[in-house]
Structure formats: C-alpha cells, structure tokens
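Have a look at the structure below, then the notes.
The values are calculated or read from the model by the stated rules, or taken from the named source; none is laboratory data. On a predicted model such as this, the values are computed, not experimentally measured, just so you know. Positions of Cβ are backbone-derived with ideal geometry, glycine not excepted, and every protein chain shown enters the neighbour counts. Side chains included, ligands, DNA and RNA excluded: accessible areas come from the protein's heavy atoms. Shrake-Rupley method; radii C 1.70, N 1.55, O 1.52, S 1.80 Å.
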Amino acid sequence: MPAPKLYDTLSKSIKPLTQTKAHDFGFYACGPTIYAEAHIGNFRTFVVQDTLRRVLELSGIKVKHVRNLTDVDDKTIRGAIAKAIPLAQFTQPWGEKFANDCQSLNLLPPHVEPSAVDHIPEQIDLVQTLIDKKIAYVGADQSVYFSINSFPNYGKLSGVDKIEINQSHHPSKSSSLDADEYDKDHISDFVLWKHRKDEDAEHFWQSPWGEGRPGWHLECSAMSLKHLPHGIDLHGGGVDLCFPHHDNEIAQSEAATGKPCAQHWFHSEHLMVEDQKMSKSLGNLYTLNQLNDTGYAPASVRYALLAGHYRKKLNFKFDLLKNAQNHLKQLGKYQQQLIDLSQSPATSYTELCVQSIDSLLINNPFASAWEALLNDLNTPEALGQTFLTLKQLDKQLKSNSLNTEQAKSYLKGLSLIIAAFGWDVTLTESETTADIPADIHALAEQRLQAKKDKDWGACDQLRDQITAQGWSIKDTPDGYELIPQN
Ligand code: AMP
Ligand code: ZN
C-alpha cells in the first residue's frame with residue numbers, strides 16, 4: 001500500500017509519512033491552553049489531526065500521539081488570580097471540559113497528554129543546557145533569554161530567516177521581549193524563563209535563576225524531548241503557531257540536541273467567520289455546546305470541519321452544518337441497507353486497524369475515496385468520491401442488481417471511510433433533516449466541480465437534471481444548498 005503523503009511546511013513539499021522499524025511513529029501536537037472553553041476553530045485543528053492519525057493507523061503505522069496541555073501562561077494565571085484560586089483548581093475544569101468535547105467529537109485520546117506544570121524540572125533542565133551551551137543568557141531583568149543570533153537557522157519554518165533581522169534584538173531595546181505571543185515585526189531574543197513579576201502573585205517556581213515560570217514555547221520542547229525520545233516524526237498545530245511558537249521550539253530543541261526538532265511539520269489553516277479567524281479575542285466563536293443547543297450534534301460539526309481541505313481557510317456557515325447533517329443521514333441509511341443486504345456487520349475502526357487494507361481495497365468501489373485521504377489528506381475530494389460511489393450504489397439498489405458479495409464489498413469500503421473520517425453515522429433525535437438522495441448529492445457535487453472548471457454548459461445541464469428530479473439548487477459561498485420542490 002502506498003504511504004500516506006502530506007505537505008511539510010518546512011520543506012514546502014509533499015512527502016510520504018513512514019514509520020521506521022525501531023520505534024513508534026512519534027506525533028506531537030500542540031494542545032489547548034486550558035483557561036476557557038475551546039471553540040470549534042480550535043477543534044478544526046484537532047479534528048484534522050485526529051483524521052490524519054486515523055489514516056496513519058489504518059495504513060498500518062503504529063502511532064504514539066502526544067498532545068500537551070498548556071496550563072501555565074499569562075491567561076491561566078490571570079484567570080486563577082481573578083477567581084482567587086490556585087492555578088490547578090482554575091485549569092482543571094477547563095481541561096475536563098476539553099476532554100469531554102474531544103470525546104463527543106470522537107477524537108482518539110492521545111497516548112500521552114502532558115501538562116506544562118507537571119514538567120517544570122524538565123523545562124529548567126533544558127534552560128540550563130542552553131545556558132551551558134552559551135545559547136541562552138540571563139538578562140538584566142533576571143529572565144532567561146534565547147539568543148537568536150547564536151542559532152544561525154533561526155526562523156527557517158516561517159521564513160523570518162529571510163527577513164533582515166536588525167540590531168533590535170537586545171532585551172533592553174524591545175518592549176515585548178518577554179511576551180509569549182508576538183508577530184514578525186517584533187522578532188527578538190525570546191524568553192525561556194520569566195522572572196517573577198507582581199502580576200504572577202503566588203504562581204511561580206524556584207529555579208537556578210530565582211523565582212519565576214517557564215515561557216510558553218519552552219514546554220513543547222521539554223515535553224516532546226521527554227515523551228518522544230526518538231524524535232518527532234510529525235509535529236502539528238494551527239498555522240498561527242508557525243511563528244513564533246514553532247520557530248522558537250525548533251531553535252530550543254535543535255540548539256539543545258543538535259538533531260532536527262521534527263521530520264515533518266503539519267499546519268492546518270484556520271476556521272474563519274466572515275473572513276476573520278475564529279478566536280476568543282474577536283469573540284466571533286461558536287462552541288460545541290452552543291451548536292448542540294441549536295440542533296447540531298458534534299458529529300455534524302466534525303463532518304463540517306472536514307468539508308474543506310486542511311490547507312485552505314474554511315468559512316464557518318450554518319449551511320455547512322445543514323449539509324453535514326444531511327450527508328451523515330445518507331451515510332447512515334446506506335450503511336444500514338448494506339448491513340441488511342450483506343447480512344454482515346459493519347467493521348469498526350479497531351478491527352480495521354489490524355486488517356490488511358490492501359486486500360480490502362482490491363476492486364473496492366471506495367478505493368478512490370481512500371486514495372484521496374492518502375494524498376495530502378484531501379478530505380473534500382474523499383467526500384466527493386464517496387458520494388459518487390454512493391450514487392452508483394443507489395442505482396444498483398434501485399434496480400435490485402446488487403448481490404450479497406457486492407454488498408459486502410461496498411460495506412467494507414464504506415466502513416473504512418467512516419472509520420477514517422471518525423463519523424458517527426447514527427443521528428441524534430435532535431437532528432431532523434431533509435432526506436436528500438445520494439444521486440442528487442452526486443449531481444450537485446459534479447455541478448460544483450463544473451463551476452470550479454468554469455464549464456457553464458455542464459453547470460446548466462446538471463442544474464436541469466437536479467430540477468427534473470424535484471430539487472432546486474441554490475449557490476452559496478461555501479458551495480450549494482439543496483431544497484426539495486413541493
Ligand atoms: P490555543 O488553545 O489558543 O493554544 O489553540 C489550540 C489550537 O487551536 C492551536 O493549534 C491553534 O493553532 C488552533 N486554533 C486556534 N484558532 C483556530 C482557528 N480559528 N482555526 C483553526 N485552528 C485554530
Ligand atoms: Zn507547542
């Protein structure tokens with residue numbers, strides 16, 4: 001079976017993901033900051049990562065997935081102080097809420113979920129190593145800084161190494177120097193260990209450099225070096241993490257070990273609302289709870305978050321959720337029909353992980369949907385292929401021409417796609433949807449493609465076919481909406 005291929009942000013090329021025999025495939029993902037409820041923008045990144053992990057595991061790769069929890073930074077400390085409670089008491093419920101949301105989105109739990117607070121000694125050791133190597137220094141403010149001039153490849157991931165970095169690196173010349181988050185206009189030596197300030201109140205730890213706390217970037221280097229001692233095969237996060245977080249992580253880890261920080265960098269684009277990044281600071285967010293209360297179960301949210309390619313921005317619209325509900329209903333209906341016809345059960349994710357996908361895919365009608373997933377995790381293409389296959393199935397069902405063996409083959413392929421996408425195709429009571437047949441969906445998908453190809457003649461022809469079958473199609477910024485005509 002060909003290895004899954006994925007775009008690598010560092011080499012700017014699509015490369016295969018393969019496992020060396022000696023150890024599990026190390027997948028490190030930057031996790032959430034647990035100071036508030038995560039929004040569905042955050043979950044776009046985690047759902048995309050989960051889907052890739054599924055594709056890797058279904059391909060026979062043994063993955064060790066490490067995803068950290070950021071429980072000490074300006075935001076968690078501010079939250080604990082506002083409530084006048086210890087930091088751990090403040091972050092714990094947010095960590096639990098995150099875990100519950102992950103479960104309802106059917107995200108596979110990481111094998112290790114380390115937290116920054118639980119790794120203070122490891123972080124102090126890493127700072128000491130960098131000081132010993134003369135790459136880090138104690139500043140006039142008693143904080144410890146990473147000297148970016150001492151690391152010639154600084155900024156290679158985001159490309160800031162190409163920007164001329166001027167002399168304003170020195171701490172005394174830059175006001176935002178000890179901030180964890182800053183932009184490319186404020187490139188400077190960055191903080192590894194922050195000396196205690198009044199606003200930290202009692203949230204500090206002892207270190208060889210006095211009382212203080214780790215800078216945000218440090219935790220991921222310290223935790224990945226500990227939990228993935230053979231190195232990171234794949235490192236993931238949202239695109240906003242490229243700079244400075246991941247460039248700083250590369251600097252810390254590579255300066256300390258002399259080895260590449262990660263073999264492959266995987267960044268997913270943002271979920272947007274009216275062309276702005278969904279974010280807590282803009283307040284333009286939706287949470288899983290809010291959407292569930294308006295009748296959209298997490299399964300529909302998961303489907304919708306995978307409707308666009310992970311390297312493209314995805315605009316959040318309620319149409320996306322409506323379409324997701326309809327599609328899930330279709331998938332559930334066809335799966336049930338296949339179970340009935342083949343007199344065999346669907347195959348679960350766990351069962352598929354220990355089967356030979358190669359033999360399952362021989363002459364299987366869902367092979368092209370699976371291939372799309374192997375090819376830079378092309379989820380929209382895989383969805384299109386899935387519904388084209390369901391259209392073909394629908395024809396055979398209608399003409400009673402499907403035999404038991406064929407039904408089994410369809411069911412195996414469909415089970416594989418369902419497992420890879422992590423779908424829960426059993427709809428909840430609250431989700432009432434119009435029952436759109438698969439062949440109408442397939443026509444709509446073909447029309448969307450024709451529109452992208454600017455083949456207006458085909459577009460009109462496909463619209464006529466859809467109308468002739470009792471449906472009208474409305475173009476929307478995200479694609480289309482199908483409305484029954486009666
Ligand atoms: P945070 O809790 O802010 O540290 O973010 C957790 C993850 O969510 C990181 O990988 C971010 O890059 C990602 N993220 C934040 N906002 C969005 C968004 N609007 N769309 C996709 N990913 C996001
Ligand atoms: Zn990180």
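A few comments on the model shown:
- Neighbour net charge for Leu17 - beta-carbon separation under 14 angstrom, K R +1, D E -1: +1
- For the stretch 337-486, lysine pairs separated by 8 or more sequence positions, or belonging to different chains, with Cα-Cα distances below 18 Å total 7.
- Only protein heavy atoms count here; on that basis, with a 1.4 Å probe, Ser59 has an accessible area of about 20 Å².
- Residue-level accessible surface for Arg311, protein heavy atoms, 1.4 Å, Å²: 90 Å²
- For Lys398, the solvent-accessible surface with a 1.4 Å probe is about 140 Å², rounded to the nearest 10.
- Karplus-based coupling profile of the stretch 332-340, in residue order and whole Hz: x, 5, 5, 4, 5, 4, 5, 4, 5, with θ = phi - 60° in 6.51 cos²θ - 1.76 cosθ + 1.60 and x standing for Gly or Pro.
- Overall form of the stretch 438-484 per C-alpha gyration tensor (a/c, 1.5; a/b vs b/c): oblate
- Calculated FRET efficiency for the pair His230/Asn375, C-beta based, R₀ 22 Å, to 0.05: 0.20
- Against the chain, whose longest principal axis is taken from its Cα atoms, helix 404-421 shows a tilt of about 20°.
- Under-5 Å amide H pairs with Ser115, H placed in peptide plane, nonlocal only: Leu69
- Accessible area per residue, Å², the stretch 5-268 with all protein chains present, probe 1.4 Å: 41 Å²
- Contour minus Cα-Cα distance for Ser11 and Lys454 (0.36 nm per residue): 156.2 nm
- Gap separating the Cα centres of the stretch 292-342 and the stretch 380-421, nearest whole Å: 16 Å
- Candidate residues Trp265, Trp205: accessible-area rank, largest first, probe 1.4 Å: Trp205, Trp265
- For Lys280, the lysines whose Cα falls under 23 Å of its own Cα, not counting residues fewer than eight places away in the same chain, are Lys75, Lys83, Lys97, Lys184, Lys312, Lys313, Lys317.
- Overall Cα dimensions of the stretch 272-432 - principal axes, largest extent first, Å: 55, 34, 29
- Counting only the Cα atoms, the stretch 5-268 fills a convex hull of 122 Å³ per residue.
- Counted over the chain, the DSSP beta bridges are approximately 55% antiparallel.
- The stretch 265-289 and the stretch 34-70 have Cα centres lying 16 Å from one another.
- Nearby aspartates and glutamates by direct alpha-carbon distance to Lys134 (threshold 15 angstrom, same-chain neighbours under 8 apart not counted): Asp125, Asp189, Glu254
- Zero-based 10 Å bins, Cα pair distances in the chain, whole percents: 4, 18, 27, 24, 15, 9, 4, 1, 0
- You can think of it this way: the chain between His23 and Tyr182 has 53.6 nm of extra reach, that is 0.36 nm per residue less the Cα-Cα gap.
- In plain terms, the chain from His111 to Thr294 could stretch by 62.6 nm, reckoned as 0.36 nm per residue minus the Cα-Cα distance.
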